[in-house]
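The block underneath contains the structure these notes are about, expressed in structure tokens.
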Amino acid sequence: MQLLKSLIIFLSATYLVGACFTVQAQTAGGQSIFSFLRLPTGAQQSSVGGETTSLISRDLGIINQNPALLRPTHHSQFSLSFTPMPAGIKQYYLSAAVYKEKIATSFAAQVQYIGYGSIPQTDPSGNELGNFNPRDYQVQLTASRRYLDKWYYGGSLQFIQSNYGAYRSSGMAITLGMNYYDSSRQFQAGLVMKHMGVQLSSFVPGQAENLPFELQAGITKRLSKAPLQFSVTLRDLHRLILYKPDSTISTADQVFQHLVLGAQAFIGDKIELGIGYNHLRRRELSIANTSNGFTGFSFGAGLLLNRFQFRYARSFYTNVKGYHQVSVNYEL
């Protein structure tokens, strides 16, 4: 009964927050600045579908999804992720955490950096003027605290910048989240409001753009009699329609676009396996009149030692090729 009561409270809060933001929703896919913030930054996150707000983990990198997932157990940990992408694009993610017992608060610093390599710069006539190195990055400061026995809440302050040669833009944002964890029932729930902020400077003076705000909620449940854990994440709750290129997509398909599904299997306490499915990703990246293979799917594995964790994930964004992601977590 206590679990059911907590779930009802959580879903009610999610509904109320979603109702408040639905009328203000203005950012659809490709219509907001700093879209790189939506990319998964860690291998564990990628392996379960790329979105998760409720998954409590020893992996410090998971806090990029929800600041309330930051725990005192992350004290003195460092996390590093590397993601090579097509055309020489590379993403790096670094985070570090500390717990201050006197104020019962966990703190973390995070950096996400995406480099697009060296690109020739030309004038309107096509004459080469040299090379430039476009890049995106964000720096986050995160804090998290416990409330009562089973609740956690947290927030992140973000500085964001995109630099594309002569064109630059920067912004400030906050991300707020909460998390519920019932250890006796191995049940987790999360709610997060991402990237609420303003653009400090725009690519074109006087033409401000929206940040990629996103409202997400999710639950995670580990089975009591099997080494399995399942996660369901509800994404973009502030928007009803996510992707509808024509009238052939059914209402059920539109609803399913809001779901990201993930599952994990644990072999002892050292090996972790994960698999995920992101239906919106599959819909947006599918190619008509051809087989789309594993587009939208992802999988991964982790080796968990006492002070060292190594994770690998492979996510499929096309029907022929996926991209790799490697994460290392170390506790001093």
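Bear in mind these aren't lab numbers, they're just calculated from the coordinates by the rules spelled out. These numbers come from a predicted model, not from an experiment. Heads up, the Cβs are rebuilt from the backbone with ideal geometry, glycines too, and the neighbour counts pull from every protein chain shown.
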Tell me the relative contact order for the chain as a rounded percent, counting alpha carbon contacts under 8 Å between residues six or more apart.
19
Residue pairs, from the table K102/K221; K90/K270; K102/K150; K100/K221; K225/K270, whose Cα atoms sit over 24 Å apart:
K102/K221; K90/K270; K100/K221
The relative contact order of the stretch 86-170, taking Cα pairs under 8 Å that sit 6 or more residues apart, comes to a percentage of 23
Mean Cβ neighbour count within 10 Å, used as a protection proxy, ranking 84-90, 42-48 highest first:
42-48, 84-90
Given the C-alpha centroids of the stretch 229-289 and the stretch 86-155, what is the distance between them in whole angstrom?
24
Env charge @ N278, Cβ radius under 15 Å, K,R +1 / D,E -1, value +1
On full extension of the chain, what length is gained from A288 through L303, given 0.36 nm per residue of separation minus the C-alpha to C-alpha distance?
1.6 nm
Highest-first arrangement of 196-205, 307-316, where packing means the average Cβ count within 10 Å
307-316, 196-205
Once K90 and S76 are pulled to full extension, the length gained, defined as 0.36 nm per residue separation minus their Cα-Cα distance, is 2.4 nm
Would you calculate the separation in nanometres between label points at L223 and I267, each defined as 7 Å from the Cα along the Cα-to-beta-carbon direction?
1.7
Between L60, L191, L129, which gets the highest mean-square fluctuation from a Gaussian network model of the chain, Cα cutoff 10 Å?
L129
Based on the mean of other beta carbon atoms within 10 Å per residue, what is the order of 272-278, 183-189, most packed first?
272-278, 183-189
In Hz, Karplus ³J(HN,Hα) per residue of the stretch 176-188 (6.51, -1.76, 1.60; θ = phi - 60°; x = Gly, Pro):
10, x, 9, 8, 10, 9, 9, 5, 5, 10, 6, 10, 10
